[in-house]
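Written out below as structure tokens is the structure these notes cover.
The values are calculated or read from the model by the stated rules, or taken from the named source; none is laboratory data. All figures in this text were calculated on a predicted structure; none of them were measured in a lab. Virtual Cβ from ideal backbone geometry, glycine too; neighbours counted across all protein chains shown. The area values use the complete protein model at the heavy-atom level, side chains included, leaving out ligands, DNA and RNA. Shrake-Rupley method; radii C 1.70, N 1.55, O 1.52, S 1.80 Å.
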Amino acid sequence: MNQSTAPGSLRSGRNACRQSAVAAGLRAALFSVSYAAFWIVASTVTQAQTTVSKEGEAGSQLPPIQITAPEVKRRASTAPVWRADRAGARPRSQATRQTEPQAAPKSFGPSQDARTGTTGVYADSTSTATKTNTPVVNIPQSVSVVTREFIRDQSFQSVTDVTRYVPGVAIHQGEGNRDELVIRGVDSSANFFVNGFRDDVQYFRDLYNTQSLEILKGPSALIFGRGAGGGLVNRTLKEADGTRVYEATMQTGSYADRRVSLDAGQAVNENVAVRLNAFYEGSDTFRDFGHLERYGINPTVTLKPTDDTKIKLSYEFYHDFRLSDRGNPSQGIPGGATRFNPTTPFAPNGDLTTFFGSPYFNYAKVEVQTGMAVIDHDFGNGLTVRNGSYYADYNRGYQNVYPGGTGGGPGGGAVTPDQTLLSLNAYQNTTNRENAFNQTDFIYKTVTGPVLHTIAFGTEFGRQTGISLRNTGFFPNNGSRAFDVVNPFNPTYFDPIVFSHLASDANSKYRLNIASGYAQDQIEVTRWLQFLVGARYDSFDLSALDQNTGIQRNRVDENISPRAAVILKPIDSLSIYTAYSISYLPASGDQFSTLSPGTLILEPQKFENAEVGIKWNIQPKLLFTAAAYELKRTNVPIADPSGNGLFFPSGSHKIRGFETALTGYVTPDWQSTFGYAYTDARIARDTSATIVAGNRIQLVPYNQFALWNKYQINPTWAAALGVIYFSDSFASSDDSVRLPGFVRVDAALYAKIDETWRAQLNIENIFNKGYWASADGDNNISPGQPRTFKVSATARF
């Protein structure tokens, strides 16, 4: 047994659990790729300077960058160069081309904003939902694109901040140490992606380097693979697209917040573009003893060796350390709370700032290093290919002291009915992981008679390895039992805790191999009729070593996930669609770190979605969407009441809902995002003695509403107002703890001081409304943030 006296008590566990020399080699290769990319840039700059010197120009500076159009096309080959879709161009040899002027730098094509038609809060297209850059109006699925400017205007820094303005998405507390969302009634901490690669480790992500956030709703296995039953979130990162940007932002605000960020990039020459995003933030929180520190750096390089080939390289280091906070308990009532007699959260004397944990022992830490390399090539005959590789190393651990019912303490985690006693539990987890993925995507545009086809097909291979190690906390002041008892009006814990590993605690080392292939065809039969059909094959090969018993368990799941849709287009700006899709989640679950005798024999959970919808570009930059859907979740495991560790795959959920949104420019000066969702998420078959048919699924409100309006008053001043509404929900699916509905009002004021400086003021929760924002079960309930100010200044030079 080891006694922890500081938040760094997991260091020895993490160091002992580091991966093999092979993993160390992968990390070294990651750094080498980043170093090599910048060496290429440096060499290019040096070569350009040498050339200038030889030509007798003064100084050693690079010549000024100029962009002219049309671009003179050039290729590295010495053979005659021509393309079938450039019929108007006459084939010319490379020797002839070398005699032509090369004053203008090589174009990197449209910027990220231009490729997707992004202006303000409006995005015209995205490739996230179909692998092809498709207008949102033509995508037969509910998709919300949160743009870079919307993120900036709201001063958002986290995924959960953003998604409160997205209809159909609720926030899960995630044990106070991670992003976790409930999308269309399906809870997941793993359905997060970055540039289309799986980013499934549990941690808090920052948006400092985010170009846009895409939220897809409904099963999306065709594009993203396993899981994603209710939907997913993809972060598209800022890239070196040749656009010149030099921008620094400084922010301060409530709770001693201080944040600085940098976004700098440009084309170095006609072949190389670079970009650097970096940030640092330190802050307290509105909760007693709350604090966080995070920082990150993300250099990217884009290379254009030929007109038809683009290479993008990226490296990121990200660090986040904070006090983990699992929130407040519920108020116990005589006879116990039930779905027929639910209780409410407990706040001592109405104080939402009280911390129900230990300022010494509660913490969550993650260090993430990622490397990404993507090669795009256009073959010139309608066929393009993209090959991307992604490696990520997650060094993660967390400790929690929290209201809990383990060990038989009074109240079972809730405050006793007489409000005199509350039980606390404690644990620590180490969940290091390494991910490596390779994706190859071919896009082929062709015609068969009068029918147009955009065919996407490709593969994904991956390996995920890691550990899951849990230790239980014991309280010496309470006879070294697994709980301690405190006064709920003075619950913060300052005494010692000893963490020890029990035979029932997780101690698993795992390896997952993934092999997938997919094909999809977007078919345009006529101007008014389109189809989308496709399917994906996934092989999920999991091996887990139970290091408590020395037992190695293996399981292979193979599934085919289909997708089909019909799209009617009475006019170009309007689409009416119906869609059907299926997704599977292996029995080992979202985080797949262990296999037990029970999960070893279970069939995967199945998500089946049917949806009808309409999308209408009312104006060129104003999109209205509406969708109605039914999502069925089956094979939900039910624990055998005998306690033998086995499960029955007979539980099921049924979620029915309606969503609508209006996004874009109402007038040239008025931007608006409006969203409403009605969600009836129910347990369709019992999954436990208390989670029974008819119960509402945890954290899902019947009604959800969000509105954000920004108005440009004049060239200098702009103002914005936002409203969020959630109707009541329940902390867990046993429906015994009710979370009251709430309305929150936000506002912002913007000033463009001159061509260099701009400033903004953001106020969250203007009326200082107390509310319960999220939960992780009946006795870990998080209050929402009170009135919060943020002031920032940005210099663009």
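For this structure, a couple of remarks:
- Of the criteria (1) modelled with pLDDT under 95; (2) touching a helix residue (DSSP H, G or I) at 6+ places or on another chain (Cβ under 8 Å); (3) closer than 25 Å to THR130 by Cβ, which one ASP590 fails: (2)
- Boolean, ASP746 is out of contact with any Ser or Thr (no Cβ under 8 Å at 6 or more places or on another chain), among the acidic types (Asp, Glu) and open to solvent by less than 30 Å² (accessible area, probe 1.4 Å): yes
- Candidates ASN609, ASN617, ASN635 - the one that is assigned to a strand (DSSP E or B), modelled with pLDDT of 95 or more and more than 25 Å from the chain's Cα centre (by Cα): ASN617
- Residue satisfying all of: in the range 418-452; at pLDDT 95 or above and outside any strand (DSSP E or B); most open to solvent (accessible area, probe 1.4 Å) among these: ASP418
- Residues that are open to solvent by 20 Å² or more (accessible area, probe 1.4 Å) and small (Gly, Ala, Ser), drawn from the range 270-302: ALA278
- Residue within the range 580-600 that is in a strand (DSSP E or B), surrounded by fewer than 16 Cβ atoms within 10 Å (Cβ to Cβ) and either over 26 Å from the mean Cα position of the chain (by Cα) or touching a residue at least 12 places away in the same chain (Cβ under 8 Å) (or both) present: no
- Taken over the range 190-206, the criterion of being part of a loop (DSSP other than H, G, I, E, B), open to solvent by less than 10 Å² (accessible area, probe 1.4 Å) and out of contact with any Lys or Arg (no Cβ under 6 Å at 6 or more places or on another chain) is satisfied by ALA190, ASP199, ASP200, ARG205.
- Candidates TYR518, TYR537, filtered to the one that is open to solvent by 50 Å² or more (accessible area, probe 1.4 Å) and closer than 20 Å to ILE443 by Cα: TYR537
- The criterion of at least 2 residues that are open to solvent by less than 20 Å² (accessible area, probe 1.4 Å) and within 28 Å of ASP284 (Cα to Cα) is met, among strands (runs of 3 or more DSSP E) falling completely within the range 225-269, by 231-237, 257-267.
Results for (1) at positive phi; (2) β-branched (Val, Ile, Thr), shown as yes or no for each residue.
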{"residue": "TYR255", "(1), (2)": "yes, no"}
{"residue": "ARG258", "(1), (2)": "no, no"}
{"residue": "GLU270", "(1), (2)": "no, no"}
{"residue": "VAL274", "(1), (2)": "no, yes"}
{"residue": "THR285", "(1), (2)": "no, yes"}
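- Flag if ASP735 is open to solvent by less than 40 Å² (accessible area, probe 1.4 Å), touching a Pro at 6+ places or on another chain (Cβ under 8 Å) and at pLDDT 95 or above: yes
- Residue count, the range 741-769 (criterion: within 25 Å of GLN704 (Cα to Cα) and in contact with a strand residue (DSSP E or B) (Cβ under 7 Å, 6 or more places away or on another chain)): 15
- Pairs meeting the criteria (first residue in the range 376-389 and surrounded by 15 or more Cβ atoms within 10 Å (Cβ to Cβ), second residue hydroxyl-bearing (Ser, Thr, Tyr) and assigned to a strand (DSSP E or B), beta carbons under 6 Å, at least 6 apart or on different chains) are HIS377/THR309; ASP378/THR384; GLY382/TYR444; GLY382/THR446; ASN387/THR440.
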